[in-house]
1. List the pairs whose first member sits in region 16-29 and is closer than 16 Å to ASN56 by Cα, whose second member is loosely packed, with under 15 Cβ neighbours inside 10 Å and among the aliphatic types (A, V, I, L, M), and whose Cβ atoms are under 6 Å apart, counting only residues at least 6 apart or on separate chains?
2. Considering each of SER130, SER84 in turn, give the residue that is modelled with pLDDT under 85 and within 18 Å of the chain's Cα centre (by Cα).
3. Can you tell me which residues in region 196-212 are of a type in the set (Val, Ile, Thr) and within 20 Å of the chain's Cα centre (by Cα)?
4. List, please: which pairs have Cβ atoms under 7 Å, are six or more places apart or on different chains, and start with a residue in region 188-210 that is in contact (Cβ under 8 Å) with a residue 60 or more places away in the chain and surrounded by 19 or more Cβ atoms within 10 Å (Cβ to Cβ) and end with one that is in a loop (DSSP other than H, G, I, E, B) and small (Gly, Ala, Ser)?
5. Could you tell me whether ARG67 is exposed (fewer than 14 other Cβ atoms within 10 Å of the Cβ), out of contact with any Cys (no Cβ under 9 Å at 6 or more places or on another chain) and modelled with pLDDT of 90 or more?
6. I'm trying to understand the selection: among the residues of region 20-62, which are acidic (Asp, Glu) and assigned to a helix (DSSP H, G or I)?
7. Before we move on, is GLU4 among the acidic types (Asp, Glu), at pLDDT 90 or above and over 30 Å from GLU133 (Cα atoms)?
Amino acid sequence: MPCEERGSICKSEFVFVQLRDNIFRGELKPGEPLPSARRLAELMQVSKYAVDKAMNTLADLGYIERRKGQRCVVALPHTQVPSSPFSFIMNPRSATLDELMEVRIGLESHGVTLAVERADERDIAFLKHSLAELMDGDRDSERSRDSDIRFHMGIALATHNSVYIDLIRHFYSYMFDSISDLHDQLYENRSNHQIIEQHHYKILDAIVSRDANGARRYMAQHIMFLRSFLRDRNTERNAAASKPDPQRSESQLS
């Protein structure tokens with residue numbers, strides 16, 4: 001069946017983008033059942049075929065789960081990223097910290113440039129909300145981490161480029177699998193939290209002001225700060241791991 005059109009995009013793509021963005025923004029919560037395909041078709045003024053096609057894509061990409069005898073539900077966070085088609089050459093345990101940060105600074109510097117050009121009122125409102133959540137969660141490291149990631153995913157959404165959004169989504173899963181223990185330490189220090197708040201504020205202000213050069217500069221500063229922190233913590237961890245265990249040494253001598 002040929003693709004139905006809605007303006008300049010395929011209707012099934014329109015449905016996919018709307019639902020995917022609602023999931024990313026938290027408007028559809030993990031575990032929450034989606035409306036029936038018929039109801040979604042009515043709400044979005046498209047055919048049921050377009051909805052079914054979009055739902056299949058969302059399920060294939062891990063955004064939603066199909067449960068036997070029930071409606072589709074939003075996937076839980078740990079199930080939302082399927083195996084990458086590049087997983088056979090991308091082993092997060094073999095990547096160095098510097099390699100990850102080099103790729104991240106390239107991806108996100110370009111992404112924030114697109115966000116400056118394309119962010120709409122809804123995108124900016126979401127970024128402001130994510131920044132406010134980060135500032136409110138300064139005594140909760142887990143909440144701060146989640147707000148930080150939401151802010152960066154909000155920038156990805158503001159590119160309005162489906163390939164870039166899914167690329168960032170997979171890259172984040174890949175990266176955080178490698179540095180999760182180091183990354184969690186970032187939010188345990190109040191001064192780090194304040195620096196991240198300032199960085200996010202400057203990035204958001206540049207997006208609102210349509211200042212591409214400023215947005216790229218502030219994003220680069222932000223990621224270089226993260227790189228420096230993570231590198232220092234990684235060095236400390238490796239040094240601690242290389243020290244002999246006194247208790248073990250004593251037991252070997254006795």
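The values are calculated or read from the model by the stated rules, or taken from the named source; none is laboratory data. Bear in mind that the values here come from a model prediction, so they are computed numbers and not experimental data. Reconstructed Cβ throughout: ideal geometry from the backbone, glycine too, with neighbour counts over all protein chains shown.
1. Final answer for the pair search is none.
2. Numbers: SER130 fails: modelled with pLDDT under 85.
Exactly one residue qualifies, and that residue is SER84.
3. Applying the first criterion (of a type in the set (Val, Ile, Thr)) to region 196-212 yields 196, 203, 207-208.
Passing the criteria: ILE196, ILE203, ILE207.
4. ILE207/ALA119
5. Values: exposed (fewer than 14 other Cβ atoms within 10 Å of the Cβ): yes; out of contact with any Cys (no Cβ under 9 Å at 6 or more places or on another chain): yes; modelled with pLDDT of 90 or more: no.
No; evaluated as a whole, the condition is false for this residue.
6. Step one: filter region 20-62 for residues acidic (Asp, Glu), giving 21, 27, 32, 42, 52, 60.
Within region 20-62, ASP21, GLU42, ASP52, ASP60 meet the criteria.
7. Working: among the acidic types (Asp, Glu): yes; at pLDDT 90 or above: no; over 30 Å from GLU133 (Cα atoms): yes.
When the stated conditions are applied, GLU4 does not pass them.
For every residue, the table says whether it meets (1) assigned to a loop (DSSP other than H, G, I, E, B); (2) more than 21 Å from LEU100 (Cβ to Cβ); (3) touching a Leu at 6+ places or on another chain (Cβ under 6 Å).
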residue	(1), (2), (3)
GLU117	no, yes, no
SER130	no, yes, no
LEU134	no, yes, no
ALA156	no, no, no
HIS160	yes, yes, no
ASP166	no, no, no
LEU186	no, no, no
TYR201	no, yes, no
GLY214	no, yes, no
